[in-house]
Amino acid sequence: MHLKKLAIVFITITLVFGCSEELETSIQSGDIIFQSTNSRQCKAVKLATKSKYSHVGIVLEIDGELIVYEAVQPVKMTPLADWIRHGQGGHYVVKRLKNADEILTSAVLSDMEDLANGYLGKNYDIYFEWSDEKIYCSELVWKIYKQATGIEIGNLKTLKDFDLSSNSVQSIMEERYGNDIPLDEDVISPAGMFNSEKLVLIEQK
């Protein structure tokens, strides 16, 4: 009986912590991670971009721990497990640069970390302007990759390229811009990065 109880405890520990261990070993520095949340803005982003995903971050290993750099308010570092829990239903998708083993050398990853740290504390850009004064989630990840590797993950679009017809999107646009919507402003969306042919799927849960 005692051995049976020990076996049950062992199985329980394996089931509970095994997934965490799998998570830690399948995701690595430089990976791009996507999720969706229930915020009003995220719903509008999904409608405008025709995508399931409205938030994105970049994973970097800091002192042996996987951290997600994300542009919220403000730009910050979030432990991977915490970041995943914030997403709708705990669902997330991880993508990786093709030939990452060749391109994302230790020197490049170090540059990414330095770049990411340079954005920490910056305010979230609710106007989606293409400047470094304030920054939004996909802009953060796109610029880190561009500056560290010269690679553009996803093609820049302008606001007018998105579907702005829904009431939810129009309501937010009116609140933020009034009648002066910058339709020609360069934008990179989570969907634009998600659909990039330069990325490969690594994990989806």
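The values are calculated or read from the model by the stated rules, or taken from the named source; none is laboratory data. From a predicted model like this one, the values you see are computed outputs, not experimental measurements. Neighbour counts are summed over all protein chains in view; Cβ atoms, including those assigned to glycine, are modelled from backbone coordinates with ideal geometry. Just so you know, the surface numbers come from the protein's heavy atoms only, side chains and all, with ligands and any DNA or RNA stripped out. Shrake-Rupley method; radii C 1.70, N 1.55, O 1.52, S 1.80 Å.
For segment 110-120, the condition of being aromatic (Phe, Trp, Tyr) and closer than 18 Å to Ile58 by Cβ holds for at least one residue. Looking across segment 158-178 at every residue that is without any contact (Cβ under 8 Å) to a residue 24 or more places away in the chain and not in a helix (DSSP H, G or I), the one that is nearest to Thr49 (Cα to Cα) is identified as Ser165. When Ala107, Ala81, Ala100 are screened for being of a type in the set (A, V, I, L, M) and without any contact (Cβ under 8 Å) to a residue 24 or more places away in the chain, only Ala107 passes. For segment 88-110, the set of residues classified as touching a strand residue (DSSP E or B) at 6+ places or on another chain (Cβ under 8 Å), of a type outside the set (Val, Ile, Thr) and open to solvent by less than 60 Å² (accessible area, probe 1.4 Å) consists of His91, Tyr92, Lys95, Arg96, Leu97, Leu104, Leu109, listed by residue number. Selection within segment 143-157: residues that are open to solvent by 60 Å² or more (accessible area, probe 1.4 Å) and in a helix (DSSP H, G or I). The member of this set that is nearest to Ala107 (Cα to Cα) is Gln147.
Within segment 36-64, the set of residues being in a loop (DSSP other than H, G, I, E, B), within 15 Å of the chain's Cα centre (by Cα) and either touching a residue at least 40 places away in the same chain (Cβ under 8 Å) or crowded, with 18+ Cβ neighbours inside 10 Å (or both) comprises Ser36, Thr37, Ser51, Tyr53, Ser54. Residues in segment 111-142 that are outside any loop (DSSP other than H, G, I, E, B) and open to solvent by 20 Å² or more (accessible area, probe 1.4 Å) were compared, and the one that is farthest from Glu70 (Cα to Cα) is Asp111. All conditions but one from (1) at pLDDT below 90; (2) polar (S, T, N, Q); (3) in contact with a helix residue (DSSP H, G or I) (Cβ under 9 Å, 6 or more places away or on another chain) apply to Thr14; the one that does not is (3).
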